[in-house]
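Asks: First, the structure itself, so that you have it in front of you.
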Amino acid sequence: MINFQLTSEENKSSLFRNLGINDFQSACAYIEALPYGRNSNREDFSLVITEQKGTCSSKHALLTELAEENAVADVELIAGIFLMSPETHPQLTEFFADKPYTSLPECHCYLMVRDASRTKRRYDFTDTTNAMERIAAKIVREQRIEPNQVRDWKVVIHKDYLQRWLNRQPELNLTLDEVWAQREAAIALL
């Protein structure tokens, strides 16, 4: 994993330095240790620090902005679609037990970081469970996005994929709204 000093005088870098965090790897470790939770305003990623929680979207958007503030282009924000199932999330075994499908496309944000050898690697700082190990083999689509796109575009990407997934499986006889509601129920269980 690359590392760099937080030398920018811009907002995000200053917030981290005020916490005594002076480099990117320490910032990632700090964010990873914060609990999962939606912030009060999806527009303001600094709330991850002030509210002491964040989602995959807000946490990784904040880290991407931090890299941008420090002129590091080797950190990309990725919206990846993976097939969520009891295999990727064992705590959802009961949820899937009565569904007409065995997996459900879910959108997850994480970082793609280019190291010194120019090799790209995925990193997930959503929490300390290292979900990337469980979901990497189930990723079916990845798209680089800008931090501000997690607010709306991530949902567009996700719903578009879900609709195409439903179109390929008409036997499910479900609408996009029904699947989205079922997905929200699964996320609530996590």
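The values are calculated or read from the model by the stated rules, or taken from the named source; none is laboratory data. Please read all numbers here as calculations on a predicted model, not as lab measurements. With ideal geometry, Cβ positions are generated from the backbone for all residues, glycine too; neighbour counts draw on all protein chains shown.
Asks: Pairs, please: C-beta under 7 Å, at least 6 apart or cross-chain, first residue crowded, with 16+ Cβ neighbours inside 10 Å and in region 71-87, second modelled with pLDDT of 95 or more and among the aromatic types (Phe, Trp, Tyr)?
Replies: Note: pairs meeting the criteria are 72/4; 78/110; 80/110; 81/161; 85/96.
Asks: Another question about this same structure. How many residues, within region 47-76, are hydrophobic (A, V, I, L, M, F, W, C), assigned to a helix (DSSP H, G or I) and farther than 11 Å from residue 36 by Cα?
Replies: Residues in region 47-76 being hydrophobic (A, V, I, L, M, F, W, C), assigned to a helix (DSSP H, G or I) and farther than 11 Å from residue 36 by Cα: 7 in total.
Asks: Can you tell me which residues in region 159-182 are in contact with a helix residue (DSSP H, G or I) (Cβ under 7 Å, 6 or more places away or on another chain), within 12 Å of residue 106 (Cα to Cα) and touching a residue at least 40 places away in the same chain (Cβ under 8 Å)?
Replies: 162, 179
Here's the yes/no breakdown for (1) touching a Pro at 6+ places or on another chain (Cβ under 7 Å); (2) surrounded by fewer than 18 Cβ atoms within 10 Å (Cβ to Cβ); (3) among the basic types (Lys, Arg):
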position	(1), (2), (3)
98	no, yes, no
113	no, no, no
122	no, yes, yes
125	no, no, no
153	no, yes, no
169	no, yes, no
174	no, no, no
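Asks: A further question follows. Here are some residues: 156, 150. Which one is free of Cβ contacts under 8 Å to residues at least 60 places away in the same chain and within 24 Å of residue 63 (Cβ to Cβ)?
Replies: 156
Asks: Out of 137, 131, 185, which single residue is surrounded by fewer than 12 Cβ atoms within 10 Å (Cβ to Cβ), in contact (Cβ under 8 Å) with a residue 12 or more places away in the chain and small (Gly, Ala, Ser)?
Replies: 185
Asks: Next question. May I ask you to say which residue of 93, 102 is part of a helix (DSSP H, G or I) and either small (Gly, Ala, Ser) or surrounded by fewer than 22 Cβ atoms within 10 Å (Cβ to Cβ) (or both)?
Replies: Among 93, 102, only 93 is part of a helix (DSSP H, G or I) and either small (Gly, Ala, Ser) or surrounded by fewer than 22 Cβ atoms within 10 Å (Cβ to Cβ) (or both).
Asks: Just to verify a result, which residue in region 62-104, among those that are within 21 Å of the chain's Cα centre (by Cα) and of a type in the set (Ser, Thr, Tyr), is nearest to residue 4 (Cα to Cα)?
Replies: Applying the filter and picking the extreme gives 64.
Asks: Quick check: is even one residue across region 48-57 under 15 Å from the mean Cα position of the chain (by Cα), of a type in the set (Gly, Ala, Ser) and surrounded by fewer than 17 Cβ atoms within 10 Å (Cβ to Cβ)?
Replies: Within region 48-57 (the criterion being under 15 Å from the mean Cα position of the chain (by Cα), of a type in the set (Gly, Ala, Ser) and surrounded by fewer than 17 Cβ atoms within 10 Å (Cβ to Cβ)), the answer is no, since none of the residues qualifies.
Asks: Okay, moving on. Considering only region 77-90, state which residues are within 19 Å of residue 166 (Cβ to Cβ) and in a loop (DSSP other than H, G, I, E, B).
Replies: Across region 77-90, the qualifying residue is only 85.
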